[in-house]
Each structure stands twice: as C-alpha cells, then as structure tokens.
Amino acid sequence: MASEPVCVEDFEPYLKTRVSDAIWHYYRGGADDEQTLRANPLAYQRYRLLPRCLRDVSKRDTSTSILGQRLSFPVGVSPTACHAFVHRDGEIATAKGVSNAGSAMVLSMFSNKSLEDVAASVHPDTPLLFHLNILRDRSRVEAAIRRAEAAGYKALVVTIDQPMLGNRTYIRRNNKDMDPTITFPQVVLPGEEITREKARAIVNEPQALTWKDILWLRRITSLPVVLKGILTAEDAREAVRHGAAGILVSNHGGRQLDGVPATIDVLAEIVDAVRGSNVEVYLDGGIRKGTDVLKALALGARAVFIGRPAIWGLAYDGEKGVEQVLGILKEEFSLAMALCGCSSLSDITPDLIATMPYSKM
Ligand SMILES: Cc1cc2nc3c(=O)[nH]c(=O)nc-3n(C[C@H](O)[C@H](O)[C@H](O)COP(=O)(O)O)c2cc1C
C-alpha cells in the first residue's frame, strides 16, 4: 500500500486497515459460501472484446443520461448502508465525491446522514436517487418518499430481492454491535424518538412484498420507479407490466441468495425481454474496470453502478477518495472506448463482444 492507488482494487486494502474486523466483513462479505460474490467480477473474463481499428477516436464523448438526468460517464453508485462506519462525514462525503466526478448516487434508505443533508451537499445538477426497502410499516416508507420528493431526488430505487435478509455467514460469525452510535434517519417518522433496537428491528423485519406493492408505490408518487434485484427475463417483463421506469440487474453484490448467476451473465436476456418498452436497464455487481463498464454497455446496459468500490474510496480519503475511484473508472472506460474504436456510447454495440464458454477458460 506504499504507492498511490492506480486501479480500483488498489483501494480495497485501505478499508481493511481503517475499520474493525466486524465492519470489514460487513462490507466485504456475501451470503453462504460467497459463490455469487466471487462470480460477479470473475464472469467478465468470459466476455472478450473484439476491437475495431482505424477509426478516429482522438475525441471521445463518455457522457450519457439515466431517466433524463445527465452523467459525465455511465457509472453511478449503488445504495450501500451505513457509510458512517467508514468515514465521519458518511454519505455526505460519498455524495460530494460522486458529484465532483459527474456521476450519480443512489442514497441508501439505511444511510446515517439525512437525505436532506446529502441533497444539500451536492452540485444542483447531480442526479440523486433514493433507495427504498418497502418496510412492513408503510407509513415510514411514505414519509421517506415525501421527504425524498421535497429534497429533489429524481427516482426511487426499490430493493426487491430481499424478502428476508440473506444468510450472511461472516456477519453472524462477527456478530458484534459494530457501532452503537449509528442512527438511521430515514427510518424514523418526523418528530419520532425511537431506540436503536427498535430502529434495527424495523430495518430487519421481513417485508411481505409483492407486485401489488409496486402498483401501490406508483399510485402514491410520481417519481420514476427503478426495480433493483431482477435476474430473470420473466421478472423483467413483470417490471414492464407494472410500470417500472428502470431495472437494476443486481444480485445485491452476492449478499442475498448465494448461487445465483453473476449479473453480467443474465444481462443480455433481460435487455431482450424489455426490448420495445421505454424501460432502462442498468447493472451492478463486480464492476471493477473500465473494460467491465464497456462490456456491460455492449451487452445492453444503459449504465452501471458500483457498490463496494465507493466504500473503498471513502475509506481511502473520504470525498476525494470516492472521486478518485470514479475518476479512475472514467479514465479506464474512455481508454477502453478508444482501444475498441468507439468515440461515443452509441458505438458500443454487441458485436464488440465474443462470449467464451466456461469450459474454454
Ligand atoms: C455493505 C453493503 C451494504 C449494502 N446495502 C444495500 C441496501 O441497503 N440495499 C440494497 O438494495 N443493496 C445494498 N447493497 C448492495 C449494493 O447496492 C450493490 O447491489 C452491490 O454492492 C453491487 O456489487 P459490488 O459491491 O460488487 O459493486 C449493499 C452492499 C454492501 C456491500
């Protein structure tokens, strides 16, 4: 760790040295045997790039939009809980780094900073989206939505792959109260005082969520709804039928059902399933390189999101560290475009990809 980080993985060791073992495993780990956690980044090796030469790539435009909101490159930050474990400014530092990088952030409902303080800390044109778990107590969900609307959040990103918490072996082994001072300001009702134990119980309650709740959500808000956690074409078609504006192909970073495929392996069939609708498809899980971003776009994602790497940047140097991680991804992505013969995102097409069977690897 002596030299400056030069790639995204170089940031990870800083998290390990700067937090307790319990917190390190909380961020690092996945469910059960962590098959899916390992599969996410590894699967990119199956997709090889077929570059085109002799195209003028001296100027490249990496910019794009999601749900009409501009991004300087097609990478945003996925919702991860409890940034206060890692940095005293928590999600405010993360959001500032995201904003400086021209990226977008999905603020976790289980953030430790208030959604209003986070919104006040970014450039006005930074797209902030608000993450929701549809908690059993719907009044808490509705209160959080009203606050997100008032603070200018652009969309709701609803976690749908967590009817119950996955079996996170590492957390159970390190079952300590990681930080008793942590609070969840988006879970309490305005003016309400609740104990930390009650807040935790609310966060961990099984959700009893069905497709009808997505219709309920669409009735009570005009914000676009993105469904996070879809892994099959069947659910993608249901998402279209239930009026989703976006799908985030995700396996929760390997933290929910272990043994599900790497997200990049199911992306193309989901893109196919929603073809002809206006639904935008995004992906998260295992994105560590600019070439990973390019591969996901070639297979049909409109943008991708990172979870853990943003936390590594936060541990490395707060706001600046998050900006650095995103900046490296942007540079690598821009270089990958040049080397593939692409000068804008519309040049990134499926014919840039050769898919290798697992048996040939
Ligand atoms: C510590 C941690 C907390 C997370 N919290 C949430 C959450 O509250 N809701 C959710 O939908 N996803 C959550 N996720 C999953 C991320 O949104 C994202 O899907 C995943 O981290 C992407 O994979 P990556 O870490 O390999 O980039 C969490 C992930 C981590 C590592």
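Observations, loosely collected:
- With respect to the conditions (1) more than 11 Å from the ligand (Cβ to nearest atom); (2) assigned to a strand (DSSP E or B); (3) more than 30 Å from Tyr358 (Cα to Cα), Arg48 lacks only one, and its number is (3).
- Extreme residue, surrounded by the fewest Cβ atoms within 10 Å (Cβ to Cβ), among residues of segment 189-201 that are assigned to a loop (DSSP other than H, G, I, E, B) and free of Cβ contacts under 8 Å to residues at least 24 places away in the same chain: Gly191
- Single residue of segment 210-231 satisfying the filter (within 21 Å of the chain's Cα centre (by Cα) and assigned to a loop (DSSP other than H, G, I, E, B)) that is nearest to the ligand (Cβ to nearest atom): Leu231
- Test: Glu323 is more than 11 Å from the ligand (Cβ to nearest atom), among the acidic types (Asp, Glu), over 16 Å from Lys96 (Cβ atoms) and in contact with a helix residue (DSSP H, G or I) (Cβ under 7 Å, 6 or more places away or on another chain): no
- Residue list for segment 259-318, restricted to those being in contact (Cβ under 8 Å) with a residue 40 or more places away in the chain, more than 13 Å from the chain's Cα centre (by Cα) and part of a loop (DSSP other than H, G, I, E, B): Gly259, Val260, Pro261, Ala262, Val279, Lys289, Leu299, Gly300, Ala301, Arg302
- Candidates in segment 297-312 are the residues that are away from the ligand (no atom under 12 Å from the Cβ) and touching a helix residue (DSSP H, G or I) at 6+ places or on another chain (Cβ under 7 Å); of these, the one that is nearest to Ser250 (Cα to Cα) is Ala301.
- Contact annotation: residue pairs with Cβ atoms under 9 Å, 6 or more positions apart or on different chains, pairing a residue in segment 4-17 that is assigned to a helix (DSSP H, G or I) with a partner that is hydroxyl-bearing (Ser, Thr, Tyr), are Asp10/Ser3; Asp10/Tyr316; Phe11/Tyr316; Tyr14/Tyr316; Leu15/Tyr27; Leu15/Tyr316.
- Flag for Ser63 being away from the ligand (no atom under 11 Å from the Cβ), within 22 Å of the chain's Cα centre (by Cα) and surrounded by fewer than 18 Cβ atoms within 10 Å (Cβ to Cβ): yes
- Within segment 232-257, the residues that satisfy the criterion of being in contact (Cβ under 8 Å) with a residue 60 or more places away in the chain and either within 14 Å of the ligand (Cβ to nearest atom) or buried (at least 22 other Cβ atoms within 10 Å of the Cβ) (or both) are Gly246, Leu248, Ser250, Asn251, His252, Gly253, Gly254, Arg255, Gln256, Leu257.
- Once segment 66-87 is narrowed to residues that are small (Gly, Ala, Ser) and open to solvent by less than 10 Å² (accessible area, probe 1.4 Å), the residue that is farthest from the ligand (Cβ to nearest atom) is Gly76.
- The condition (being at pLDDT 90 or above and open to solvent by 80 Å² or more (accessible area, probe 1.4 Å)) is satisfied by just one residue among Pro185, Pro163: Pro163.
- All positions within segment 91-110 that are closer than 27 Å to Gln162 by Cα, open to solvent by 10 Å² or more (accessible area, probe 1.4 Å) and assigned to a loop (DSSP other than H, G, I, E, B): Phe110
- From the options Asn174, Asn204, residue that is farther than 16 Å from Ser139 by Cβ, in contact (Cβ under 8 Å) with a residue 24 or more places away in the chain and exposed (fewer than 14 other Cβ atoms within 10 Å of the Cβ): Asn204
- Residue check for Leu135: at pLDDT below 95 and open to solvent by less than 10 Å² (accessible area, probe 1.4 Å): yes
The values are calculated or read from the model by the stated rules, or taken from the named source; none is laboratory data. Just so it is clear, the structure is predicted and the values come from calculations on it, not from any experiment. Here Cβ is always computed from backbone atoms with ideal geometry, including for glycine, and neighbour counts include all displayed protein chains. Calculation scope for accessible area: heavy atoms of the full protein, side chains included, ligands and nucleic acids excluded. Shrake-Rupley method; radii C 1.70, N 1.55, O 1.52, S 1.80 Å.
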